[in-house]
Every structure is written in structure tokens, then in C-alpha cells.
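Undergrad: Next up is a structure, given as C-alpha cells.
What follows is calculated from the coordinates using simple rules that are stated; it is not laboratory data. These figures come from a predicted structure and were not determined experimentally. Positions of Cβ are backbone-derived with ideal geometry, glycine not excepted, and every protein chain shown enters the neighbour counts.
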Amino acid sequence: MICSIKAQAKASGRRLQVIPPTDDRPQGQIADVRNLISAGVNVIVMKPSDRSALDTVSRRLLTRAS
């Protein structure tokens with residue numbers, strides 16, 4: 001997945017920075033996403049370890065994007 005994202009970014013001429021998760025557990029992923037939102041990143045691609053656990057933070061992303 002990461003290789004594909006990097007290839008698409010390179011093909012489009014976009015700058016890409018891959019930030020690996022600090023913790024693969026749901027609470028760690030939630031903290032990572034909140035930190036990325038606070039940092040003002042343009043795109044977040046994630047593979048949640050527990051989809052329902054990340055519902056709240058995902059809704060926050062969608063609300064911010066609207």
C-alpha cells in the first residue's frame with residue numbers, strides 16, 4: 001500500500017512524507033491521527049487496526065474536510 005501511494009505521489013509531482021504509526025493499537029492510531037490533524041496535513045491514509053474504534057476520529061476528519 002505504501003509503495004503504491006509513493007508511486008502515485010511521485011507521478012503527480014506531489015511531495016510525500018510517510019509517517020509510520022507510533023502504535024498499531026487503536027488508541028495509538030487515534031492519537032496519531034489527532035496529531036496529524038493538528039499539524040494540518042493535507043491527506044491521511046490509514047489502515048485501522050479496529051475500524052469501529054476509529055469511527056470518532058474518522059468523523060472528525062470528514063467534518064474538517066467539508
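Undergrad: Hey, can you tell me all the residues within segment 5-53 that are without any contact (Cβ under 8 Å) to a residue 24 or more places away in the chain, β-branched (Val, Ile, Thr) and surrounded by 12 or more Cβ atoms within 10 Å (Cβ to Cβ)?
TA: Those that are without any contact (Cβ under 8 Å) to a residue 24 or more places away in the chain, β-branched (Val, Ile, Thr) and surrounded by 12 or more Cβ atoms within 10 Å (Cβ to Cβ): Val41, Ile44.
Undergrad: Run down Lys47, Lys10 and say which single residue is charged (D, E, K, R) and within 15 Å of Leu61 (Cα to Cα).
TA: Sole residue among the options that is charged (D, E, K, R) and within 15 Å of Leu61 (Cα to Cα): Lys47.
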